[in-house]
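The values are calculated or read from the model by the stated rules, or taken from the named source; none is laboratory data. None of the values given here were measured: they were computed from a predicted structure. Cβ placement follows ideal geometry from the backbone for every residue including glycine, while neighbour counts extend to all protein chains displayed. We work out accessible area using only protein heavy atoms, side chains counted, and drop any ligands, DNA or RNA first. Shrake-Rupley method; radii C 1.70, N 1.55, O 1.52, S 1.80 Å.
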Amino acid sequence: MTISLNNLVQKKPDKPPMIVIYGRGKMGKTTLAAGFPKPIFIQTEDGAGSLELTSFSEEPLTSFADVNQALIELATEEHDFQTLVIDSLTQMEPLVWKETCKRSSDDPNGRWSSIEDPGYGKGYVAADEVWRDFLSACAWLRDHKRMTIILIAHEMVERFSDPERDDYDRYKMRLHKRADAMIRERADIVGFLNAVITLDQEKTGFGKNTKKITKAKGSGQRALNLAPRPTFEAGNRYRMPDKILINETDGYTALAPYMPGHSKISNQAEETENG
C-alpha cells in the first residue's frame, strides 16, 4: 500500500453497527433483536419463547464449529438477511472454551481437558484467539454483507473497586473479564436493557411517629441504557440519548433514527405499511 497525501479517502460513517444487548432474564432482549430488519439467529440457547424466528437449527448449536459454519454460510452464500443475532454470548462462551481446549493439542503437556487445565489463567488467554476469530467473522459480515450484528448476553453483578469512592455493585455481561473487555471494545453500541423503576416517597404514621419510606414502582416499561452509570456498563459511538424507552412492539423503531443507515430502512418500512 502506498501511503501518500495524494491518495486520501473520505470515510463515511455508514457501516451498520455491532450492538451488544445485555440484561436480566425475561427483559425482552431477544424480542428487541427480532424486531430488526430481516434477522437471522445463531442460537446457542433456546431463549425465543413464543417468537417466530429464522434460525440455523431447531435446537441450540452445541459446538463452536457449528457457530463458525453458520458464519461461513452467511459469508459465502447469497441471501437477503440484514441482521445477524447471536443469542447468546453467555451460552456460547463454554463452546469457545471447548474449542480452545481442542486447539491445545500442541501443548507439550498434552491436550487440555478444561479451560482451567493449564493454570494461572493461561486457558482464558488462549481463548482470546477463538473470540477474535468469532468477532472478526462478525465484523466481516458487517463490512462486506452490510449486516447489523446483535450480540445478546445475560447479566451478572460484580463488586467494583472504585479508587475515588467506596466500592459498589454494578451490572456487567456474564462473561469472563477478558472476553467482556474484548467484546465491549469491538462493539459500537453496548446497551443495558432493564425495567424502568420510579422511586416514590410515602409518609407513614402520625405526629412525631411520622416517617418517610421509599417505594420502588414499576410500570412494565423497559429502557435500553446507552451511557455508562455506576450501576451498569454501557456506551455507544453515536450521539444517542442516555436511554431509550423500548416498547415490546416497536423497540427497533425507537432505536433506528440514531444508527447509521437504519433511519432510511425504518422510513421505507413505514411507507410500505402505510401503502
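Which condition breaks for K38 when tested against (1) over 24 Å from H79 (Cβ atoms); (2) out of contact with any helix residue (DSSP H, G or I) (no Cβ under 8 Å at 6 or more places or on another chain); (3) not aliphatic (A, V, I, L, M)?
Answer for K38: the failing condition is (1).
Being of a type in the set (A, V, I, L, M, F, W, C) and assigned to a loop (DSSP other than H, G, I, E, B) narrows it down to one of I21, I72, I3, so name that one.
I3
Can you tell me which residue among W140, W112, W131 is open to solvent by 10 Å² or more (accessible area, probe 1.4 Å), of a type outside the set (A, V, I, L, M) and in a helix (DSSP H, G or I)?
It is W140.
For region 1-40, name all the residues that are free of Cβ contacts under 8 Å to residues at least 12 places away in the same chain and over 16 Å from E248 (Cβ atoms).
M1, T2, I3, S4, L5, N6, N7, L8, V9, Q10, K11, K12
If you take the residues in region 6-18 that are outside any loop (DSSP other than H, G, I, E, B) and more than 20 Å from E185 (Cβ to Cβ), which one is most open to solvent (accessible area, probe 1.4 Å)?
This residue is N6.
In this structure, does K38 turn out to be at positive phi and in contact with a Ser or Thr (Cβ under 8 Å, 6 or more places away or on another chain)?
yes
Given K102, K177, K122, which one is open to solvent by 80 Å² or more (accessible area, probe 1.4 Å), within 19 Å of G235 (Cα to Cα) and out of contact with any Ser or Thr (no Cβ under 9 Å at 6 or more places or on another chain)?
K177
Output the residue which, of all residues in region 207-223 that are part of a strand (DSSP E or B) and exposed (fewer than 10 other Cβ atoms within 10 Å of the Cβ), is modelled with the highest pLDDT.
G220
Which one is farthest from the chain's Cα centre (by Cα), of the residues in region 224-275 that are among the small types (G, A, S), under 25 Å from M156 (Cα atoms) and at pLDDT 95 or above?
A227
Among residues belonging to region 32-69 that are among the charged types (D, E, K, R) and either in a helix (DSSP H, G or I) or open to solvent by less than 50 Å² (accessible area, probe 1.4 Å) (or both), point out the one that is farthest from R142 (Cα to Cα).
Filtering region 32-69 for residues that are among the charged types (D, E, K, R) and either in a helix (DSSP H, G or I) or open to solvent by less than 50 Å² (accessible area, probe 1.4 Å) (or both), the one farthest from R142 (Cα to Cα) comes out as E45.
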